[in-house]
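Participant: What follows is a single structure, and I will ask about it in a moment.
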Amino acid sequence: MRKLVITCCSIFCMANISRAQVLFTYGDHTVTKQEFLKNYQKNDLGSKPDLSEKALRNYLDLYALFKMRVKEAEILQIDTIPSVRYELSNYKKQLAKNYLTDKQMADKLSKEAYDRMKEERRVAHILFMAPATMNPDDTLKLYKRMDSLYKVVSADKNAFSKIAAAYSEDVGTKDNGGELGYMTALQTPYVFENVVYSTQPGTISRPFRSPLGFHLVYVKDKRPARGEVEVAQILITTPPSKGKEGKEEAKKRAKEVLSAYKKGVPFDTLVHKYSEDKFTISENGKMKKFGVGTMTPTFEDAAFALKNPGDVSEPIETEYGYHIIRLIKKYPLKPYDSLKKELDIKIASDTRSKIAKDMYVEKIKQQNGFKEFPENLKPIENLIKAIPDTGEKANVFDISHFAGLNNPLFTLGNTTHTQQDFVNYIELMSRGKIPANRPNFTEEVYNLYLTRVINEFQEDLLLKENEEYRNLMSEYRDGIVLFELMDQQIWGKASKDSAGLQQFYENNKSKYLWEPGFSGAIYRFKDKSSLEKGLSILQKNINASHDDLVAELNTQERPDNVTIQTGRYEFSKFTEYGKDELKEGALTTAKPQKDGSYLVVRVEKVFNTTTQKSLEDARGYVIAEYQDYLEKAWNQALKDKYPVKVDEKVFNSMVKK
């Protein structure tokens, strides 16, 4: 019997090996053909991967070295370093957000938004502000007040604008009778949008609550979507300070500009000569394309009314001034498939995304045996309410008072989360102090704790069940641990290992040489007056202090009248002056630059022969070359530790000439 089991296991292993061919080994570790090709094709930037022998061989060498480094990072437990663990944990949570949602519901919300985008609705509203913190009694009073207004306007829709002007707390629309203009999907909170699209045109909604407060919505009209439009404009502003006369003057100038256009003056020329829109003038008046609800209704209607590219409007008045608009292009609503990705991104950051996320959480609960024991939360709540809010122990959360509470609060998967687990979480969150006013404190913190536990459970579940998520986490983990390992072995070591750096410099001194050149100061004077003032100082005293020169020439308004750079320069690299113009102990003549500034050099010493650079002079070069030296030595050590053996038959099966 034992022999039969061994034989069966051997056959099973052989079958797996035949399906996953081993391409190469490094030390005792294997890499399959499938893994290699997957990574090779992913990293190939061309439309078709190069499967020539040379390209595959080069990548195999690189990939083998990569695997050795990752293995070394695992042995050294780089992923246990606190900074690495923190970064991995953050990435895990951020990445998980893209997966912790009900895909079917997300697609449904995306399609719903698109279907609504096909139709624009003209809306007015009345708003009573009601923050989420408002107490229940005041909330009810406010609702009843709004309901009484509803009864008035539903009986007489013509009264809506007067009621809005008198009572609405939306300062942006009340003076206009609550008018919001035409709108479409994804422009307002989801609850508001839902009411707009579920209310029949010509009717008024019942009172409802949004994150802002209570609303009444009057859907006045609907029309097919107009898509987006791209225009250029000339704006003649009408500042309020100029009053009625300023408005008349702007209107007259706008008509003159339009007349000049009709006589043949190019629109772009008129933009640069007359337009006062500083945001578009550099683009010849061109604005970003826009759709409904983006611009003021008057401007929007005028832009969409233009029929053909090149058509120009009459002067249009808005609160900003007078606009002359030229149509560039109209863009109809794209098909759903073309907009799906963009819609998904918008919905992910919209309030409606909570629906898909909540559905996903409920699905996780149902699939993993979630069960709550709400009666066991009550003892914790009672003990928290008993914490004094005055005296020496005021609002102090003492975990010892909760000893012995070990009953379950909820179960998820195979884990039971107890009262004590929750109490430990409260201590962590509160840091020993809880709020003085705490009517719903226990419930709120419990919901936070429950959310945290479920999120962590979901993240772990993703690692087990979602291959894409698991692969992305693995790639990021490899990248972050390799970066840390490379810093330890090469980058950080090269700059911190002063003895090793010094020895490397001594062994390679002949490479770090100064070519013939000079040492001194390079002065750059902003303009001619700065030059004259600076030269008068330097000609009196060529060794004048740089600080004194800067203090004399630079001011708060003009801090760059003179800039000074000091150091040693090589003739071959400093080409502003010829070698013969650079005289030791002297100033050069001033040379004008293209930007209007002037260059002057004070030469301290001339070096006509090659001289040795000190380690400090050559530090940047030495560190870079020492890093290269360390990397090559480390690579060789890894190759010696993990010798590579390639199965040439498997390798050749990948090659395509």
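Participant: In segment 137-145, is there at least one residue being touching a helix residue (DSSP H, G or I) at 6+ places or on another chain (Cβ under 7 Å) and open to solvent by 60 Å² or more (accessible area, probe 1.4 Å)? Outline the logic, then answer.
Facilitator: In the first step, residues of segment 137-145 are kept if they are touching a helix residue (DSSP H, G or I) at 6+ places or on another chain (Cβ under 7 Å); the result is none.
Looking for residues that are touching a helix residue (DSSP H, G or I) at 6+ places or on another chain (Cβ under 7 Å) and open to solvent by 60 Å² or more (accessible area, probe 1.4 Å), one finds none in segment 137-145, hence no.
Participant: Now for a different question. Which of the numbered conditions does residue 259 fail, given that it passes all the others? Conditions: (1) assigned to a helix (DSSP H, G or I); (2) within 30 Å of residue 188 (Cα to Cα).
Facilitator: (2)
Participant: Would you point out which residue out of 505, 512 is in contact with a Leu (Cβ under 6 Å, 6 or more places away or on another chain) and over 30 Å from residue 136 (Cα atoms)? Before you say what the answer is, go through the steps one by one.
Facilitator: Details: 512 fails: in contact with a Leu (Cβ under 6 Å, 6 or more places away or on another chain).
Step by step, each of 505, 512 is checked, and only 505 is in contact with a Leu (Cβ under 6 Å, 6 or more places away or on another chain) and over 30 Å from residue 136 (Cα atoms).
Participant: Just name the residue that is surrounded by the most Cβ atoms within 10 Å (Cβ to Cβ) out of those in segment 163-178 that are under 40 Å from the mean Cα position of the chain (by Cα), outside any loop (DSSP other than H, G, I, E, B) and not acidic (Asp, Glu).
Facilitator: Only one residue fits best here, namely 164.
Participant: On to the next question. List the pairs whose first member sits in segment 202-230 and is under 22 Å from residue 117 (Cβ atoms), whose second member is basic (Lys, Arg) and surrounded by 17 or more Cβ atoms within 10 Å (Cβ to Cβ), and whose Cβ atoms are under 7 Å apart, counting only residues at least 6 apart or on separate chains?
Facilitator: 219/121; 220/122; 221/122; 222/121; 227/330; 229/330
Participant: Tell me which residues, restricted to segment 627-653, are among the aliphatic types (A, V, I, L, M) and open to solvent by 40 Å² or more (accessible area, probe 1.4 Å).
Facilitator: Restricting attention to segment 627-653, the residues satisfying the condition of being among the aliphatic types (A, V, I, L, M) are 630, 633, 637-638, 644, 646, 650.
Residues satisfying the conditions are 633, 637, 644, 646.
Participant: Sticking with this one: Going residue by residue through segment 476-487, is there one that turns out to be closer than 19 Å to residue 90 by Cβ, of a type in the set (Asp, Glu), modelled with pLDDT under 90 and in a helix (DSSP H, G or I)?
Facilitator: Looking through segment 476-487, none of the residues is closer than 19 Å to residue 90 by Cβ, of a type in the set (Asp, Glu), modelled with pLDDT under 90 and in a helix (DSSP H, G or I).
Participant: Could you check residue 154 against (1) under 19 Å from residue 214 (Cβ atoms); (2) open to solvent by less than 40 Å² (accessible area, probe 1.4 Å) and say which number it fails?
Facilitator: (2)
Participant: Is it the case that segment 365-383 has a residue that's in contact (Cβ under 8 Å) with a residue 40 or more places away in the chain and within 30 Å of residue 193 (Cβ to Cβ)?
Facilitator: Going residue by residue through segment 365-383, those that are in contact (Cβ under 8 Å) with a residue 40 or more places away in the chain are 365, 368-371, 376-377, 379-381.
Then keep just the ones that are within 30 Å of residue 193 (Cβ to Cβ); that gives 365.
Yes: segment 365-383 contains one or more residues that are in contact (Cβ under 8 Å) with a residue 40 or more places away in the chain and within 30 Å of residue 193 (Cβ to Cβ).
Participant: Kindly list, by first and then second residue, each pair from a residue in segment 77-88 that is closer than 10 Å to residue 481 by Cβ to a residue that is modelled with pLDDT of 90 or more and open to solvent by 80 Å² or more (accessible area, probe 1.4 Å), limited to pairs with Cβ atoms under 7 Å and residues at least 6 apart or on different chains.
Facilitator: So the pair list comes out as 79/85.
Participant: Which of the residues spanning segment 594-626 are farther than 30 Å from residue 507 by Cα, open to solvent by 30 Å² or more (accessible area, probe 1.4 Å) and touching a residue at least 60 places away in the same chain (Cβ under 8 Å)? Don't jump to the end; show me each part of the working.
Facilitator: We begin by selecting, within segment 594-626, every residue farther than 30 Å from residue 507 by Cα; these are 594-604.
Checking which are open to solvent by 30 Å² or more (accessible area, probe 1.4 Å) leaves us with 594-596, 598, 604.
596, 598, 604, listed by residue number.
Participant: Run residue 461 past the list (1) of a type in the set (A, V, I, L, M); (2) in a helix (DSSP H, G or I); (3) free of Cβ contacts under 8 Å to residues at least 60 places away in the same chain and report the number of the one that doesn't hold.
Facilitator: It fails just one condition, (3).
Participant: Please indicate, with yes or no, whether at least one residue in segment 280-295 is over 15 Å from residue 236 (Cα atoms), assigned to a loop (DSSP other than H, G, I, E, B) and more than 36 Å from the chain's Cα centre (by Cα).
Facilitator: no
Participant: Here's a follow-up. Tell me which of these residue 548 doesn't satisfy, since it passes every other one: (1) in contact with a strand residue (DSSP E or B) (Cβ under 6 Å, 6 or more places away or on another chain); (2) at pLDDT below 95.
Facilitator: Going through (1) in contact with a strand residue (DSSP E or B) (Cβ under 6 Å, 6 or more places away or on another chain); (2) at pLDDT below 95 one by one, residue 548 breaks only (1).
Participant: Does residue 301 satisfy the condition of being acidic (Asp, Glu) and in a loop (DSSP other than H, G, I, E, B)?
Facilitator: Values: acidic (Asp, Glu): yes; in a loop (DSSP other than H, G, I, E, B): no.
So residue 301 fails the test.
Participant: So, in segment 553-588, of the ones that are free of Cβ contacts under 8 Å to residues at least 40 places away in the same chain and buried (at least 16 other Cβ atoms within 10 Å of the Cβ), which residue ends up nearest to residue 601 (Cα to Cα)?
Facilitator: Applying the filter and picking the extreme gives 588.
Matching residues to (1) touching a His at 6+ places or on another chain (Cβ under 6 Å); (2) under 24 Å from residue 216 (Cα atoms); (3) part of a strand (DSSP E or B):
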| site | (1), (2), (3) |
| --- | --- |
| 89 | no, no, no |
| 120 | no, yes, yes |
| 134 | no, yes, no |
| 138 | no, yes, no |
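Participant: Among the numbered criteria (1) assigned to a helix (DSSP H, G or I); (2) out of contact with any Gly (no Cβ under 8 Å at 6 or more places or on another chain); (3) open to solvent by less than 60 Å² (accessible area, probe 1.4 Å), which single criterion is violated by residue 160?
Facilitator: Result: residue 160 fails condition (2) only.
Participant: Please determine whether any residue of segment 237-254 is in a strand (DSSP E or B), open to solvent by 10 Å² or more (accessible area, probe 1.4 Å) and either more than 24 Å from residue 154 (Cβ to Cβ) or touching a residue at least 24 places away in the same chain (Cβ under 8 Å) (or both). Working first, answer last.
Facilitator: Taking segment 237-254 and keeping what is in a strand (DSSP E or B), we get 237.
If we keep only those that are open to solvent by 10 Å² or more (accessible area, probe 1.4 Å) too, we end up with 237.
Among the residues that remain, those that are also either more than 24 Å from residue 154 (Cβ to Cβ) or touching a residue at least 24 places away in the same chain (Cβ under 8 Å) (or both) are: 237.
Yes, the conditions are met somewhere in segment 237-254.
The values are calculated or read from the model by the stated rules, or taken from the named source; none is laboratory data. Predicted, not measured: the structure shown is a model, and the values here were computed from it. Counting neighbours? That spans all protein chains shown, and the Cβs are built from the backbone with ideal geometry, glycine included. Ligands, DNA and RNA are stripped out before the accessible areas are found, and what is left, the full protein with its side chains, is counted by its heavy atoms. Shrake-Rupley method; radii C 1.70, N 1.55, O 1.52, S 1.80 Å.
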